Amino acid sequence: MPQTSVVFSGILGPGGSGQVQPGMGERGSGAGDLIFQDGRLVSGSLEALMEHLVPTVDYYPDRTFIFTFLLTSRVFMPPHDLLARVGQICLEQRQQLEPGPEKAKLKSFSAKIVQLLKEWTEAFPYDFQDEKALGELKAIAYRVTQCDEENGTVKKAITQMIQSLLLSLAARSQLQELREKLRPPAVDKGPVLKAKPPAAQKDILGVCCDPLVLAQQLTHIELERVSSIHPEDLMQIISHTDSLDNHRCRGDVAKTYSLEAYDSWFNCLSMLVATEVCRVVKKKHRTRMLEFFIDVARECFNIGNFNSMMAIISGMNLSPVARLKKTWSKVKTAKFDVLEHHMDPSSNFCNYRTALQGATQRSQTANSSREKIVIPVFNLFVKDIYFLHKIHTNHLPNGHINFKKFWEISRQIHEFMTWTQVECPFEKDKKIQSYLLTAPIYSEEALFIASFESEGPENHMEKDSWKALRTTLLHRA
């Protein structure tokens, strides 16, 4: 993960909701276009918010506001346009200071501008990926360093900032190229099934028979994959779905596959669970396989890995698995019933949200990495962000930006990013992970074929489906 911890540390926590802090100073110009309630910024014009972002000699913005505005402003304008406006405001501020006799004030102002740019480049390095934004950053830096010809401290800070930015961009580029190479090919829609797998063919129980160990390895994979998601990626949930907003910056941000790749992992895990169950020929072994995955899901729940837990449950609820009534009749389903209770969708997944809240509280007071793990159900998190955006308007009747809404979006994204930065405490088992990531996965059609071969169709609908599948197979042969 890039250096987001510098910005996230200490912000958006209790009392860190954008309130004006003692000693922070207050913005002069444009302050009349900002509305505060109990010391908390709730709305303002876009121009006033941009001015509020830029420091003065006597003022430096609250770091919570810096992060929130830099994150959410991309809904209204591309980051490089915001950077250009910041540069313009900086130039105006500098011109007001230059006639003054005190060079110290100019240096103080310059140091604050560098600090703002440093926080920006550390939190959102991808905003500077294109030459236009990088050129604007260097232009602002050049203007700032003109006051620092004597000892070069500001110039040195800018050089270090740009070097760190370039390293971060290079690292992200390499990760994205690697991710592109590793993207799985399209799944064959035809069956990938052999009715009787070779005796030597491994299944998950032949690789790992301990539910806790498998849950730990799944947690490893989850944390590795979710760590490639960045705050600005999550803002695409808003930017890419708000068709009424003509200022969103789709064309100015390079495509990122982080969200799709993580969502794809959930689907692959679900299909892997279904494949492992359906491809087993003997009912006794299938029963054992189902009970094993139930135990794995329970261990995932105990760890705080709700995403893997939900994926496993989803896999066992797929029709080819769910219809195996003779197999399920042999399964001790009490544990599975508890898991389904936790993931009951009624009342907007109330039970799951209660469990997530408990895991979050445990994480906040934890002394070990083991207790800090919180991996939410990603699809539900994405839906929460999306509906928060849709339910609350971007603009208020007076034309102000509804910043109260964006505080909440930023808070939820910050919380998610905090979870992604937890270091996995479990020892990595390459053999188990290799199986989880590379084991063959049946297509939906192949799952049904395997399911019907294990337990024949029981009603007219199933008989028709099985007949259609066999006809399709004959035509292909």
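Using θ = phi - 60° and the Karplus curve 6.51 cos²θ - 1.76 cosθ + 1.60, what whole-Hz ³J(HN,Hα) does each residue of region 381-391 get, with Gly and Pro shown as x?
4, 4, 5, 4, 5, 5, 6, 4, 5, 6, 6
Taking a threshold of 30 Å on the Cα-Cα distance, which of the pairs LYS112/LYS132; LYS132/LYS390; LYS325/LYS428 fall above it?
Details: LYS112/LYS132 23 Å; LYS132/LYS390 32 Å; LYS325/LYS428 36 Å.
Beyond 30 Å between Cα atoms: LYS132/LYS390; LYS325/LYS428.
Distance in nm between label sites at ASN402 and GLN146, each 7 Å beyond Cα in the beta-carbon direction?
Rounded to a tenth, the inter-label distance reads 4.3 nm.
In whole percent, what relative contact order does region 352-477 give with Cα contacts below 8 Å and a gap of six or more residues? Don't skip to the end; give the middle numbers.
Details: 50 pairs, mean separation 23.4, N = 126.
Relative contact order, region 352-477: 19 percent.
Percent relative contact order of region 257-341, based on C-alpha pairs within less than 8 angstrom and at least six residues apart?
The normalised contact order for region 257-341 reaches 37 percent.
Give the peptides 58-66, 385-393 in descending order of average Cβ contacts within 10 Å, highest first.
58-66, 385-393
Per 0.36 nm of contour for each residue apart, how much would the distance between ASN302 and GLN163 grow if the chain were fully extended, relative to their Cα-Cα spacing?
45.8 nm
Using a 1.4 angstrom probe, figure out how much accessible area region 369-429 has per residue, in square angstrom, rounded to the nearest whole.
47 Å²
Reachable lysines from LYS431, Cα under 20 Å, same-chain residues fewer than 8 places away excluded?
Cross-link targets: LYS202.
Quick query: amide H of HIS395 versus all other amide H atoms, modeled in the peptide plane; which residues come in under 5 Å with a sequence gap of 5 or more or a different chain?
The list, which skips near neighbours in sequence, is ASN402.
Say R0 is 56 Å: what FRET efficiency, to the nearest 0.05, do SER465 and LYS103 get from their beta-carbon distance?
Efficiency computed from Cβ-Cβ geometry: 0.10.
Starting at the first residue of region 440-450, write each ³J(HN,Hα) from the Karplus equation 6.51 cos²θ - 1.76 cosθ + 1.60 with θ = phi - 60°, in whole Hz, x for Gly and Pro.
Working through the residues one at a time gives x, 10, 6, 6, 4, 5, 5, 4, 5, 4, 4 Hz.
Please tell me which of these pairs span more than 20 angstrom C-alpha to C-alpha: LYS335/LYS383; LYS282/LYS332; LYS283/LYS332?
Numbers: LYS335/LYS383 28 Å; LYS282/LYS332 18 Å; LYS283/LYS332 14 Å.
Where the Cα-Cα span goes over 20 Å, the pairs concerned are LYS335/LYS383.
Quickly work out the ASP263-to-SER368 label distance, labels modelled 7 Å from Cα along the C-beta direction, and quote it in nm with one decimal.
Taking the two extended label points, one gets 3.6 nm.
If amide hydrogens are placed 1.01 Å from N in the peptide plane, which non-local residues have theirs closer than 5 Å to the one on SER43?
ILE35, PHE403
Starting from the 7 Å offset along Cα-to-Cβ, what nm value, one decimal, do you get for the label separation of ALA139 and HIS341?
It works out to 6.3 nm between the two label points.
State to the nearest 20 debye the size of the charge dipole of region 386-477 about its Cα centre, where the only charges are +1 on K and R beta carbons and -1 on D and E beta carbons.
Its charge dipole is roughly 460 debye.
Between ARG353 and GLU47, what length comes free when the chain is fully extended (0.36 nm per residue of separation minus the Cα-Cα distance, one decimal in nm)?
Once the chain is fully extended between ARG353 and GLU47, it gains 106.4 nm.
Ordering ASP38, ASP337 by accessible area with a probe of 1.4 Å, largest first, what comes out?
ASP38, ASP337
Lys/Arg Cβ at +1, Asp/Glu Cβ at -1, dipole of region 399-456 taken about the Cα centre: which of PRO440, TRP419, SER451 is farthest positive-ward?
Projecting each Cα onto the dipole axis, the largest value belongs to TRP419.
Through the Karplus equation 6.51 cos²θ - 1.76 cosθ + 1.60, θ set to phi - 60°, convert the phi angles of region 462-474 into ³J(HN,Hα) values in whole Hz; use x for Gly and Pro.
Along region 462-474, the couplings run 5, 4, 5, 5, 5, 5, 5, 5, 5, 5, 4, 5, 5 Hz.
The values are calculated or read from the model by the stated rules, or taken from the named source; none is laboratory data. Source: prediction; values computed, not measured. Positions of Cβ are generated from backbone atoms using ideal geometry, with glycine treated the same way; all protein chains shown enter the neighbour counts. Remember, those area values only see protein heavy atoms, side chains included, never the ligands or the DNA or RNA. Shrake-Rupley method; radii C 1.70, N 1.55, O 1.52, S 1.80 Å.
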